[in-house]
Amino acid sequence: MSYIENYRNSLARPEQFWGDAADQLYWSKRWDKVLDDSNAPFYEWFAGGEINTCYNALDRHCESGRGEQAALIYDSPVTGQVITYSYDELLDLVARFAGVLLQHGVALGDRVIIYMPMIPEAVISMLACARIGAIHSVVFGGFAAKELATRIIDADPKLVVSASCGIEGSRVIPYLPLLEEALAIAGATEMPRILVSRPQLPLDVLQPYVISWDQAMESAQAFGCVAVPATDPLYILYTSGTTGEPKGVVRPNGGHAVALKWSMDHIYDVQPGDVYWAASDIGWVVGHSYIVYAPLLHGCTSILYEGKPVGTPDASAFWRVIEQHRVKCLFTAPTAFRAIRREDPDGALLRQHDISSLDTLFLAGERCDPDTLHWAEKQLEVPVIDHWWQTESGWAMAANPLGIEPLPVKAGSPTVAVPGYDIRVLDDMGNEVAPGESGNIVVRLPLPPGTLPTLWGNQQRYFDTYLARFENCYLTGDAGVVDAEGYVWVMSRIDDVINVAGHRLSTGALEEALATNPDVAECAVIGVEDKLKGELPFGFVVLNAGVQVDEVGLKKDLVQIVRSQVGPIATPRDILVVARLPKTRSGKILRGTMRKIAEGQEYVMPATIEDPAVLQEIAEALET
Ligand code: COA
Ligand code: AMP
């Protein structure tokens, strides 16, 4: 069946389409209804059904003869380790850690925060939660204590799983000071924490409320799978919105398993037994979906890579991994390829490796610029596929569906709407624009399985953020075009979210951090273009009247504040002290214009500006 037939079927007969896809999984109880629309615009997939995601990711394969196949390969150039876990071995560890969680009082529906580096115990913790129907919330290791605390407060977990340290290149990053500070901020110092002691920073003395992973696992009883309502959350993953307050994206068990399993065949064109590598981090949605769940649900071998594209040890790191583990499909962010290209522009390091196992490269997380796409195509000599998605969707909204019908690539476009996603472009009044014209990219409801049905504990915020703006549509937050051939072009965000090296950050959170400096009266953070990371934060601060400071020292302090309150991934490119911020007469900061000035681009004087002279002042401040 062609892509277009597949796509039309998915929209015309969604219950049949996704019901067939769901039959590829094991259900403890079959659903009553594939799509429950009785409470529209809040939809639920597979209502009445019961499923266990961990059973489908592990036990099912062990029972059907795949037990000895590699499920997970932990490849860690930063520690010099490569460890392979077969499906049988991974199941044994997960079942025992599920027993540990139960022993410490975690039950169906309880939350568990996982704040961990890229080590196998992180994957084991996630799957163990799934096994007992607990809801995990993984927090990216590069976030600072305050960000971690916000997530702890919102998720209200039963316990935390963490590790003694992360390793960034050759640096050991102690995790416990951050964790302890976060627990103190959250008023949760008595919360039990299960800690993995890593040899790079061993934990010798156990503090109160601390449980050693190793000791707990020694005496653990393996535990089986609990039947979980399909509409119950598998996890909560926090993501940045317009305000500093992160949004807890909820992912239900049933729809998630169905969509991810379907995507492996139809989008990525991989089969059970193939080696699949998402070079991302389990703290991000790509890591959740394509390091942990999708490859395992599909019976593939997944790679857990604790390293960087460059510097661990050099720009050949990816090629070494592909060669050593015979990777068939690689998924990463364009920024990783820009980093590799910067160090090995002619691909000399690449040619020292046999990457003949590689069939495809998938890119996501930010728009892939045509230059990077063409470079990757030329070097790898395989199809390079940009695809578009977000934490909220959990899987691709636009892609080149290689497993259905490979479509011609148009550089700069993530190709076409994925079956299930009725993508439209609307003007600000909610009218659909003509093909080729730009506007707000929305998806007509219902969203397909696997997407968010709500925000954790805040249905109203879910409605206000995503559904209120245009009737019967989900607002993606992205702006762009659908051309006459149905190709989607994602051009920019319509809100204050920026994308730094594939990491999604809220400028609001950065502004909140800068505003904590007592000398700062007002501030604004924008994203400015960066050749390597796509965008970098750039801050503007207005000081309190009469304050005299050493600007160099102040900037250093402000950068440090951002690093310690949001995290090192948000380090601003620069912070500028200005006399005033440019605003509209209604008081809205003119970020778009500031961005143009900071990037040295031409700009049109906004008609609504309160005082045009401010822009000149900013341009002068940037020059000095
Ligand atoms: N734990 C602790 N600190 C972390 C961290 C983690 N998990 N991840 C990043 N950091 C720190 C880094 O050590 C660095 O700290 P520093 O400023 O003290 O040196 C800072 O955060 C910025 O890190 P990063 O964004 O990784 O930049 P970099 O310059 O070290 O590396 C790239 C640049 C392009 C190689 C890197 O950003 C990269 O690999 N990006 C791909 C991201 C990705 O896969 N995204 C997933 C979307 S699919
Ligand atoms: P995140 O939720 O962190 O995955 O970030 C999602 C956002 O990143 C999207 O809303 C887009 O703004 C951007 N994004 C992700 N993938 C792409 C892509 N392939 N092309 C353009 N923008 C992308």
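The values are calculated or read from the model by the stated rules, or taken from the named source; none is laboratory data. No experiment lies behind these values; they were computed from the predicted model shown. Glycine gets a Cβ as well: all are built from the backbone with ideal geometry, and neighbour counts include every protein chain shown. Heads up: the accessible areas ignore ligands, DNA and RNA and are worked out on the full protein's heavy atoms, side chains in. Shrake-Rupley method; radii C 1.70, N 1.55, O 1.52, S 1.80 Å.
Is there a residue being within 16 Å of ligand 2 (Cβ to nearest atom), within 16 Å of Pro568 (Cβ to Cβ) and buried (at least 24 other Cβ atoms within 10 Å of the Cβ) anywhere in region 121-139?
So far as region 121-139 goes, yes, one or more of its residues are within 16 Å of ligand 2 (Cβ to nearest atom), within 16 Å of Pro568 (Cβ to Cβ) and buried (at least 24 other Cβ atoms within 10 Å of the Cβ).
Collect the residues in region 185-212 that are open to solvent by less than 60 Å² (accessible area, probe 1.4 Å), away from ligand 1 (no atom under 15 Å from the Cβ) and either part of a loop (DSSP other than H, G, I, E, B) or over 18 Å from Val112 (Cβ atoms) (or both), keeping them in residue-number order.
Selection gives Ala186, Ala188, Met191, Pro192, Ser197, Leu203.
Could you please give the count of residues in region 221-261 that are of a type in the set (A, V, I, L, M) and either more than 16 Å from ligand 2 (Cβ to nearest atom) or free of Cβ contacts under 8 Å to residues at least 60 places away in the same chain (or both)? First the steps, then the outcome.
Going residue by residue through region 221-261, those that are of a type in the set (A, V, I, L, M) are 222, 226-228, 230, 234, 236-237, 249-250, 257-260.
This time we only want the ones that are either more than 16 Å from ligand 2 (Cβ to nearest atom) or free of Cβ contacts under 8 Å to residues at least 60 places away in the same chain (or both), so: 222, 226-228, 230, 234, 257-258.
Residues flagged as of a type in the set (A, V, I, L, M) and either more than 16 Å from ligand 2 (Cβ to nearest atom) or free of Cβ contacts under 8 Å to residues at least 60 places away in the same chain (or both) within region 221-261 amount to 8.
Got at least one residue in region 446-461 being part of a strand (DSSP E or B), open to solvent by less than 60 Å² (accessible area, probe 1.4 Å) and β-branched (Val, Ile, Thr)?
No, that holds for no residue.
Can you tell me which residue within region 343-386, out of those that are acidic (Asp, Glu) and exposed (fewer than 15 other Cβ atoms within 10 Å of the Cβ), is farthest from ligand 2 (Cβ to nearest atom)? Outline the logic, then answer.
Restricting attention to region 343-386, the residues satisfying the condition of being acidic (Asp, Glu) are 343-344, 346, 354, 359, 366, 369, 371, 377, 381, 386.
Okay, now just the ones that are also exposed (fewer than 15 other Cβ atoms within 10 Å of the Cβ), so 343, 346, 354, 371, 381.
On the way: Glu343: 23, Asp346: 26, Asp354: 29, Asp371: 15, Glu381: 22 Å.
Ranking the candidates gives Asp354 first.
Every residue in region 497-531 that is of a type outside the set (Asp, Glu), more than 18 Å from Val541 (Cα to Cα) and surrounded by fewer than 18 Cβ atoms within 10 Å (Cβ to Cβ), please.
Matches in region 497-531: Lys531 only.
Residue by residue through region 268-300, note down the ones that are away from ligand 2 (no atom under 16 Å from the Cβ) and open to solvent by 10 Å² or more (accessible area, probe 1.4 Å).
Asp269, Gln271, Pro272, Gly273, Asp274, Val275
Quick one: in region 557-604, of everything that is among the small types (Gly, Ala, Ser) and part of a helix (DSSP H, G or I), which residue is farthest from the chain's Cα centre (by Cα)?
Checked region 557-604; the qualifying residue farthest from the chain's Cα centre (by Cα) is Ala598.
Enumerate the pairs (first residue in region 450-464 and assigned by TED's automatic domain parsing to the domain that holds Ile236; second residue anywhere and of a type in the set (Asp, Glu) and open to solvent by less than 60 Å² (accessible area, probe 1.4 Å)) with beta-carbon separation below 6 Å, excluding pairs fewer than 6 apart on the same chain, so at least 6 apart or on different chains.
Close Cβ pairs (under 6 Å, with a partner that is of a type in the set (Asp, Glu) and open to solvent by less than 60 Å² (accessible area, probe 1.4 Å)) amount to Leu452/Glu392.
Please verify whether region 396-413 includes one or more residues that are assigned by TED's automatic domain parsing to the domain that holds Arg13, open to solvent by 10 Å² or more (accessible area, probe 1.4 Å) and either among the polar types (S, T, N, Q) or within 16 Å of ligand 1 (Cβ to nearest atom) (or both).
Within region 396-413, not a single residue is assigned by TED's automatic domain parsing to the domain that holds Arg13, open to solvent by 10 Å² or more (accessible area, probe 1.4 Å) and either among the polar types (S, T, N, Q) or within 16 Å of ligand 1 (Cβ to nearest atom) (or both).
Please go through (1) in contact with a strand residue (DSSP E or B) (Cβ under 6 Å, 6 or more places away or on another chain); (2) under 19 Å from Tyr276 (Cβ atoms); (3) of a type in the set (D, E, K, R) for Glu89 and return the number of the only condition it doesn't satisfy.
Among (1) in contact with a strand residue (DSSP E or B) (Cβ under 6 Å, 6 or more places away or on another chain); (2) under 19 Å from Tyr276 (Cβ atoms); (3) of a type in the set (D, E, K, R), Glu89 violates only (1).
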